[in-house]
Amino acid sequence: MAINIKLEETLSKAGITKNALAREAKVRPNLIYDMCDGKTKRVDLETLSHILDTLEDLTGQRHYLSDVLEYIPRNEKNDHTPV
């Protein structure tokens, strides 16, 4: 997949649990766990917006789409050389 979900890394840096995010964002905990485990195939844009807004509310810092998702170009997916 060309999209990497970085939510777990962001939560870890912020000291927020998956359950706390799910509760405050009013989304199913399974969605947050699946996103963190890389099992999610689709994310509703409204849900993604709720997650980002909630991260901002919980941390007092602005969060961006790049804090949750990362695009990996097709030609870099199998490239394991350090940059």
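The values are calculated or read from the model by the stated rules, or taken from the named source; none is laboratory data. Bear in mind that the values here come from a model prediction, so they are computed numbers and not experimental data. Don't worry about glycine lacking a Cβ; one is built from the backbone with ideal geometry, like all the others, and counts go over all protein chains shown.
Can you tell me how many residues in segment 1-55 are among the acidic types (Asp, Glu) and in contact with an Asp or Glu (Cβ under 9 Å, 6 or more places away or on another chain)? Spell out how you get there, then give the answer.
Let us first name the residues in segment 1-55 that are among the acidic types (Asp, Glu), namely 8-9, 24, 34, 37, 44, 46, 53.
Narrowing further to those that are in contact with an Asp or Glu (Cβ under 9 Å, 6 or more places away or on another chain): 8-9, 24, 37.
Adding up the residues that qualify gives 4.
Having 2 or more residues that are within 10 Å of the chain's Cα centre (by Cα) and at pLDDT 95 or above is the bar; report the helices (runs of 4 or more DSSP H) wholly within the chain that clear it. If you could, list the steps in order and put the result at the bottom.
Numbers: elements: 7-14, 18-25, 29-36, 45-59.
Filter on the chain gives 7-14, 29-36, 45-59.
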